[in-house]
Amino acid sequence: MSTASAPLLSVERLTMRFGGLLAIDDMSLDVAARQITGVIGPNGAGKTTFFNCLTGFYKPTEGSVRLNHPQRGLMRLETLPSHEVAHKAQVVRTFQNIRLFPKMTVLENLMVAQHNALQHASRFSLAGLFGLASYRRAEKKAIAKAIGWLKRLELIDKANTAAGDLPYGMQRRIEIARALCVDPLLLCLDEPAAGLNPRESAELNDLLKHLARDEGIAILLIEHDMSVVMNVSDHICVLNYGRKIAEGTPTHIQQDANVIKAYLGEDDADEELHAEAKP
Amino acid sequence: MATLVLATHTISPAARFKDAVAVAFIALLLGIPMIGLTTVDQGGTLRVATRWPTLFAFVAVAFAGRLILRFAIDQFKAHQLTRERAVDVTTVASASGRAASPLLTWVGWAALGVALTLPIFFSDNRYVVDTATTVLIYVMLGWGLNVVVGLAGLLDLGYVAFYAVGAYTYGILATQFGWSFWEALPVAGAMAATFGVILGWPTLRLRGDYLAIVTLGFGEIVRVILVNWTELSGGPNGIASIPRPTFFGLELKPPGDDPTFASFFGLEYSPSHRIIFLYYLILALALITNVFVSRMRKLPIGRAWEAMREDEIACKAMGINARNVKLSAFAIGAMLGGFAGVFFAARMGFISPESFTFSESAIILAIVVLGGMGSQLGVVLAALVLVLLPELGRDFAEYRMLLFGAAMVMIMVWKPGGILAHREPTMRYVAEGDSR
């Protein structure tokens, strides 16, 4: 299933407890580099909590999250604050309920994502304040990168529009473009296809495959839209009540008895999986 | 493409001439009753007389003025276009991020022109220059608080504390250690910035209402300390005889032993020199504040402030250290308030805790909110309204504050986002051949 080399990210015995509620129960998962790993499960299974633990927004009660960073070596993500997970470990996430900077333009949103590099170049704003050449070069580079992603995600026409004024599907793409501007090693997407129409979903599929194969970005994907998950994932992990109930390739998952039971038994809304599961 | 774009903004000389003729015609129509005809008192009876030469001059001025104005606008627009088109596709000029709305730019420049020439026209009217100085202090405070509230979105109800820290730092340094205005200015700014960090540190996790309550308390703590720590601050009696600022070491006072401003430049001494000097001093400080804040806004830190206002969690997910960004906003806002405080102490010559009550914080906050959060020009307009309204209302005695309140309510009803609610992007993507 997974590649022979060491995984990019390995989650070991992760547990997250909120008072009496066990949101994640002893979960382990390996995420391979350059691959798309899907995380699925009924509503309330603990998928977003899992993301929050990975990216420093929650401190897990137990367990470890290790990242094999090509330049910085082994990093323990559970010990880092959220901004260092993004900045130093280059594990970048998006949000289930889109979190853009709504009054800022699309281009500005992508510039904010490059804050650390630019802030360093502006030398505590002094070089920037006096418009020194070193800062102007860094700014040009950052703009070029932002424009590059905007062009590839077909958002360039909207570069000067306030992000909050754009339609929902476009905002989803802007959030992905903004995350890409942070230079992620691992991109954690929380339901990127939610609210997209079938054509937009198909475009998202192509984009995700392209990012993993050609850009070498590992992707961790939470998704309810089975047409996306089953199509793009190399590997799928199924959560239910905070526990991992199955793991494997999409075909393997579609036939797994536990998964079918979890979906049919818990939530009528997610019948697509059942439909998909029958060959 | 290029000529086509130009054509939409410039008009041919013939069209320009026609346009001016139309304006002149309107001037003539208006001018006949207003200028052309006049009444003369002739032996107790009124008689209508004509003033055709004056009317002719009026129409001619309108005609020529329109021609010149039209020409200037075309030149300005053509210049803007060539500059924008010179920009490469991939390298967007952040320089083109200046105000895109020409009207607002013109209003800004006009306001600057008025501010620069005001003391020349009113050199013998102390009241006007004094009131204008007060307006400018509030403009500067508004621009400082704009960093914290308008850009970073941190609701600060205790801003007057930093104003007080600046004023008292100068007051104490000047009266007890003999520091001059210019020596104390940076120290007082640094002191206020330190207080900004002291306030910012414990409130990092707070937002909105909770932050407002803590900052409100902080403002009161500073005032209460100033009232009670008599050895340091003079308590309720305040600090008196604070030295006035000097003009590069030349004092502005009646001729004495030392060379004064008047004797050095061979002018006859006039008390209005000092008033006008103070006016230009606060104008310079306010303009430096404006340039500084508008430049900071276009730097990474400024964008991070705004992003923090929009969504703090998303900022963290983008790798931005929220603590540093918030503290820098508090520190810089406080520093600017401290500078304004130093000027206040130097202008008044006397400070006491009574000048730094909560109502001052409220007025400064009202200026920022009424002006439109984050808008620099809006702050100027709101400061004008908030300082001039009570002044103009002096004749109405006790109805003054009623008038003031009614005006604020009306502005918020008509313009809920503030007088100038429009947010100007810090940068703009301009594709080749695009005329925007």
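Listing for the model above:
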read-out	value
Residue satisfying all of: in the stretch A:139-161; outside any helix (DSSP H, G or I) and over 29 Å from A:Ala127 (Cβ atoms); farthest from the chain's Cα centre (by Cα) among these	A:Thr161
Which numbered condition A:Ser125 misses (of (1) facing chain B (nearest Cβ under 8 Å); (2) small (Gly, Ala, Ser); (3) touching a residue at least 24 places away in the same chain (Cβ under 8 Å))	(3)
Single condition A:Phe95 does not satisfy, out of (1) farther than 26 Å from A:Ala146 by Cβ; (2) of a type outside the set (Lys, Arg); (3) not assigned by TED's automatic domain parsing to the domain that holds A:Glu247	(1)
Any hit, the stretch A:90-99, residues being within 22 Å of the chain's Cα centre (by Cα), among the charged types (D, E, K, R) and open to solvent by 30 Å² or more (accessible area, probe 1.4 Å)	yes
Residue within the stretch B:152-163 that is in the same structural domain as B:Ile242 (by TED's automatic domain parsing), under 14 Å from the mean Cα position of the chain (by Cα) and open to solvent by 10 Å² or more (accessible area, probe 1.4 Å) present	no
Set A:Leu80, A:Leu110: member being more than 7 Å from chain B (Cβ to nearest Cβ), at negative phi and open to solvent by less than 10 Å² (accessible area, probe 1.4 Å)	A:Leu110
Test: residue in the stretch B:259-271 that is more than 8 Å from chain A (Cβ to nearest Cβ), surrounded by fewer than 20 Cβ atoms within 10 Å (Cβ to Cβ), part of a helix (DSSP H, G or I) and of a type in the set (A, V, I, L, M)	yes
Pairs with Cβ under 9 Å, 6+ apart, first in the stretch B:395-415 and within 16 Å of B:Leu370 (Cβ to Cβ), second open to solvent by 90 Å² or more (accessible area, probe 1.4 Å) and not hydroxyl-bearing (Ser, Thr, Tyr)	B:Leu403/B:Leu392; B:Leu403/B:Phe396
Candidates B:Ile367, B:Ile332, filtered to the one that is under 18 Å from the mean Cα position of the chain (by Cα), within 10 Å of chain A (Cβ to nearest Cβ) and in a helix (DSSP H, G or I)	B:Ile332
Residue match in the stretch B:294-317 (condition: more than 13 Å from chain A (Cβ to nearest Cβ), touching a residue at least 12 places away in the same chain (Cβ under 8 Å) and buried (at least 24 other Cβ atoms within 10 Å of the Cβ))	no
Residue check for A:Ser28: closer than 29 Å to A:Lys261 by Cβ and open to solvent by less than 30 Å² (accessible area, probe 1.4 Å)	no
Residue among A:Gly148, A:Gly164, A:Gly131 that alone is touching a Pro at 6+ places or on another chain (Cβ under 8 Å) and within 12 Å of chain B (Cβ to nearest Cβ)	A:Gly164
Pairs, first without any contact (Cβ under 8 Å) to a residue 60 or more places away in the chain in the stretch B:174-189, second part of a helix (DSSP H, G or I) and hydroxyl-bearing (Ser, Thr, Tyr), C-beta under 8 Å, six or more apart	B:Trp179/B:Tyr170; B:Val187/B:Thr169
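The values are calculated or read from the model by the stated rules, or taken from the named source; none is laboratory data. Computed from a predicted model, the values in this text were never measured in an experiment. Glycine gets a Cβ as well: all are built from the backbone with ideal geometry, and neighbour counts include every protein chain shown. Note: areas computed on protein heavy atoms with side chains; ligands, DNA, RNA excluded. Shrake-Rupley method; radii C 1.70, N 1.55, O 1.52, S 1.80 Å.
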